[in-house]
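The structure under discussion appears below in the form of structure tokens.
The values are calculated or read from the model by the stated rules, or taken from the named source; none is laboratory data. For clarity, every value in this text was computed on a predicted model and none was experimentally measured. Cβ: placed from backbone, ideal geometry, glycine included. Neighbour counts: every protein chain shown.
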Amino acid sequence: KAGVTQTPRYLIKTRGQQVTLSCSPISGHRSVSWYQQTPGQGLQFLFEYFSETQRNKGNFPGRFSGRQFSNSRSEMNVSTLELGDSALYLCASSPSKGNIQYFGAGTRLSVL
Amino acid sequence: GENVEQHPSTLSVQEGDSAVIKCTYSDSASNYFPWYKQELGKRPQLIIDIRSNVGEKKDQRIAVTLNKTAKHFSLHITETQPEDSAVYFCAASINQGGKLIFGQGTELSVKP
């Protein structure tokens, strides 16, 4: 079974631009969660989607948004990029709430 | 709000020694506590988890203990090996998934 796949692996953007990251969960998994990882703040929860609905949300500004498609693939979007948005963005999938989360390799975003 | 404190931030041990990492959570509703290992440049990998109805769980050289009264849980690694060197994260969740609140991480170094 293929693992969680995130694309692209690396991104370089400039301040003010927007970016879209993609996450394909393990086949059969319906829950996708997104996390931001930085050296200073560690791993912080962004949001979780289950059956195309946002089920949980972290404490990030509205510039961070996401969605989930009927095939459980998920995207997250960051608008009006700031230097502080530079981070590794990880997604994790699980069969449903109440199960282990499996992480993808992440997308490393650099904002210049 | 929800918070997980993890200590120590760095830990250096000799090969063969034991290592202990401790975490404290704030939300008494938390009932699922996974531990992840992240090697440099790699994705977080689940190494062990424990649910609130269990006080201790062991898997070969790794064990986790949970004290619900004190809202405290710990990871114990015995007979450490150089390949145990990595960053370890504890996390807490309500209803076993979806939204994981992570500790700040412990960088474990096992010296041969």
From B:Ser28, B:Ser12, residue being of a type outside the set (Phe, Trp, Tyr) and modelled with pLDDT of 95 or more: B:Ser12
When residues of the stretch B:27-49 are limited to those that are over 21 Å from A:Gln37 (Cα atoms) and surrounded by fewer than 16 Cβ atoms within 10 Å (Cβ to Cβ), the one farthest from the other protein chains (Cβ to nearest Cβ): B:Ser28
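Looking at B:Ser74, B:Ser52, which one is hydroxyl-bearing (Ser, Thr, Tyr), surrounded by 13 or more Cβ atoms within 10 Å (Cβ to Cβ) and farther than 23 Å from A:Ser93 by Cα? Before you say what the answer is, go through the steps one by one.
Values: B:Ser52 fails: farther than 23 Å from A:Ser93 by Cα.
Going through B:Ser74, B:Ser52 in turn, the sole match is B:Ser74.
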Positions within the stretch A:60-112 being part of a loop (DSSP other than H, G, I, E, B) and within 14 Å of chain B (Cβ to nearest Cβ), in sequence order: A:Phe60, A:Pro95, A:Ser96, A:Lys97, A:Gly98, A:Asn99, A:Ile100, A:Gln101, A:Gly104, A:Ala105, A:Gly106
Single condition B:Asn67 does not satisfy, out of (1) within 12 Å of B:Ser30 (Cβ to Cβ); (2) away from every other protein chain (no Cβ under 14 Å); (3) without any contact (Cβ under 8 Å) to a residue 40 or more places away in the chain; (4) not charged (D, E, K, R): (1)
Condition met for B:Gln104 (within 8 Å of chain A (Cβ to nearest Cβ) and either over 16 Å from A:Ala92 (Cα atoms) or surrounded by 21 or more Cβ atoms within 10 Å (Cβ to Cβ) (or both)): yes
